[in-house]
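The values are calculated or read from the model by the stated rules, or taken from the named source; none is laboratory data. Being a predicted model, the structure only gives us computed values, none of them experimental. Ideal geometry is used to build each Cβ from the backbone, glycine not excepted, and the neighbour counts take in all protein chains shown.
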Amino acid sequence: MTTVVRKAARPRPVWHPLPVADVARLTAEAVTITFAVPPELRAAYAFLPGQHLTVRYAPDVRRSYSICSTPADLDKTGKIRIGVKEVPGGAFSSHGVRALLAGLSATGASVADVPPVADVPGAGVVTAGAVLEVLPPLGTFTTALDPARTRRYGAIVAGSGVTPVLSLIATALATEPASTFTLVYGNRATASVMFADELGALKDRYPARLQILHVLSREPGLSPVLSGRLDRPRLELLLGGLVPRDIEEWFLCGPVGLVETARELLKPDAPTADALAADALTADPPTADAPTAIAPTANLLDTSLPTADAPDTGVRSGPVVHTELFYAGEPPAVVPTGASGATGQVALTFRLDGRESSTTMSRDTRVLDAALAVRAELPYACKGGVCATCRARLTEGEVAMARNYALEPDDVAAGYILTCQSVPLTGSLTVDYDA
Ligand SMILES: Cc1cc2nc3c(=O)[nH]c(=O)nc-3n(C[C@H](O)[C@H](O)[C@H](O)COP(=O)(O)OP(=O)(O)OC[C@H]3O[C@@H](n4cnc5c(N)ncnc54)[C@H](O)[C@@H]3O)c2cc1C
Ligand code: FES
C-alpha cells in the first residue's frame, strides 16, 4: 500500500455532531427529527429542496433521510428537519427513533426493551444533549428554481416518499409565484398520511396553485379513482383524468415498483435500469466518432430530456422526470458480467482528500470495500446503489456496476461510478473521490 498527498479538488462530506432539538410524532409509525445547526455549520448544511441528510447511529449504521423542511426554514430558524417512517425491526427507523423518543442516549446499545415507536408516549421531548452524527446534505432529486420561471410540477409518491417532495412543493410555490404543483400521494389510510397538516396548510396558502390527490388503499378515498393501490391501472386513470396533462417536470419517490411504473408511463421510451445496469463503464471519455462503452442512461433518473437548467428550445419530447428510491430491495445476487471467473489481482489506486492510496483487490470485490480496507474514512451510506454517497470518478480502467439507482446519466457519461456497486473489469483501476 502506498500514499501520495496532493490537494483535494472538492471537500469530502464530513460528519458533524448535530444536536437533536426535537422529535415529533407525525403518525403512529413516523416522526420528524429536527436538528439545530450551529451558526458555524449553517453554510455546510445549506441545501436544495429534495436533498437528504445521512445519519450515523450506533457504531456503523448509516442511513439517509430526506429533508422535509425548506432552505428558508434553515435561514430563519437555524433548524433542519427530516421525516422518518418506521421499518419494523429497522436499526435506525425503529431502534434509533425509539431510543430518542424514550429519552435514551442515541448509542443504539440499550434499546432492546424499548416499546414500539407507536407505544412510546410524549414525542417532542428529547433527552437534553441528544446528538447524532450527520453528513451535510447530498442528492440530486431537486431542480433549479427561478422566480422568473412558470412551470407545472408534479409528484407521484407513496408513504415516506412524500418527505423530499414536501420541501420541493413549499420551496417551488414560494420561489416561483406563477408555477403550480400537483401531488399524487398514496397511503394505506388517512391515519398513515405523513405531513397531512403541513400539506393542508400549503393547500390553504396556495389554493389555486397546489392540487393534492390522496389515494388510499385500505379506506374509501374521495372518489373511486382515489380508492385503491397506486398501481399501473390507477396511475393510467389518474394521468388520463384528474392530473393535468401538461405537467413539465415530475418527481417520483416511493417503492421501486411504483417509481418504475410511473416512470414508464411518463417516459415510455426511456430504457429500464435493469437493462442498463451491468453495462461496462470505462474511464475513456466518449468521442464524437466512436461508440461509447459508457451507458448513456444507466439509471432510473432521466435527465436526458430538457432539464430545468437547459435552454428552452421550444422542442419538448416529454416531461423531465426525477426519481428517488429509498430502498431497492436486497442487493443483486449476481456479480456483473465479466467480473466473476476472471483471475488475477487488480491494482487499485484511489484519491481522497488529496491523498492517493494504492492497494490490490480481487476481481469480485467491490471497489468501495477494497478501498475501505485501506482508508476507513471513505464516504458511503446505503451500500445498495441508491444514495450516491460513495460516488467517485473512474479515471483509469473499466468497471461494471451491479446497480445504479442514484447517478444521473450526465454523471455516468462523465465517468462517475458508484464505488459500492462497481467491480473491476481491467487489471488496474484508478478512481478519484475528490473529483
Ligand atoms: C436518498 C435516500 C433518502 C431516504 N429518505 C428517507 C426518508 O425521508 N424517510 C424515511 O423514512 N426513509 C428514508 N430513506 C430510507 C432510510 O435511509 C432507511 O433505509 C430506512 O429508514 C430503514 O433503515 P433502518 O435502519 O430502520 O432499517 P434496516 O436496519 O436498514 O433494515 C431492516 C430491514 O428492513 C429492510 N428495509 C430497509 N429499508 C427498507 C425500506 N425503506 N422499506 C422496506 N424495507 C426496508 C431491510 O432489508 C432489512 O431487512 C431514504 C433512503 C435513501 C437512500
Ligand atoms: S453507498 Fe449508497 S450508492 Fe453507494
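Miscellaneous remarks
- Selection count, the range 137-154, where residues are more than 14 Å from ligand 1 (Cβ to nearest atom) and outside any loop (DSSP other than H, G, I, E, B): 3
- Tally, over the range 387-423, of residues that are within 14 Å of ligand 2 (Cβ to nearest atom), small (Gly, Ala, Ser) and outside any loop (DSSP other than H, G, I, E, B): 2
- Annotation: GLY221 fulfils all but one of (1) in contact with a Ser or Thr (Cβ under 8 Å, 6 or more places away or on another chain); (2) over 26 Å from ASP75 (Cα atoms); (3) not in a loop (DSSP other than H, G, I, E, B); the unmet one is (3).
- GLY354 meets the conditions (1) away from ligand 1 (no atom under 16 Å from the Cβ); (2) modelled with pLDDT under 95; (3) in contact with a Phe, Trp or Tyr (Cβ under 8 Å, 6 or more places away or on another chain) in every case but one. The failed one is (3).
- Cβ pairs under 7 Å, 6+ apart, first in the range 148-171 and under 22 Å from VAL31 (Cβ atoms) and modelled with pLDDT of 95 or more, second surrounded by 24 or more Cβ atoms within 10 Å (Cβ to Cβ) and of a type in the set (Lys, Arg): none
- Single condition GLU408 does not satisfy, out of (1) within 16 Å of ligand 1 (Cβ to nearest atom); (2) buried (at least 24 other Cβ atoms within 10 Å of the Cβ): (2)
- Among the residues of the range 357-401, those identified as small (Gly, Ala, Ser) and within 16 Å of ligand 1 (Cβ to nearest atom) are ALA381, GLY384, GLY385, ALA388.
- Residues within the range 235-268 that are part of a strand (DSSP E or B) and aliphatic (A, V, I, L, M), tallied: 1
- Reported count of residues in the range 197-214, each being within 26 Å of the chain's Cα centre (by Cα) and among the aromatic types (Phe, Trp, Tyr), is 0.
- Taken over the range 21-78, the criterion of being of a type in the set (D, E, K, R) and either closer than 16 Å to LEU166 by Cα or touching a Lys or Arg at 6+ places or on another chain (Cβ under 6 Å) (or both) is satisfied by GLU29, ARG56, ARG62, ASP73.
- Residue that is under 24 Å from GLU133 (Cα atoms), at pLDDT below 95 and not acidic (Asp, Glu), where the choices are ALA435, ALA342, ALA406: ALA406
- Looking only at residues in the range 45-63 that are of a type in the set (A, V, I, L, M, F, W, C) and within 16 Å of ligand 2 (Cβ to nearest atom), the one that is modelled with the lowest pLDDT is VAL61.
- Hits in the range 72-97 - residues which are more than 9 Å from ligand 1 (Cβ to nearest atom) and either within 16 Å of the chain's Cα centre (by Cα) or surrounded by fewer than 22 Cβ atoms within 10 Å (Cβ to Cβ) (or both): ALA72, ASP73, LEU74, ASP75, LYS76, THR77, GLY78, LYS79, ARG81
- Residue in the range 371-386 that is assigned to a strand (DSSP E or B) and surrounded by 24 or more Cβ atoms within 10 Å (Cβ to Cβ) present: no
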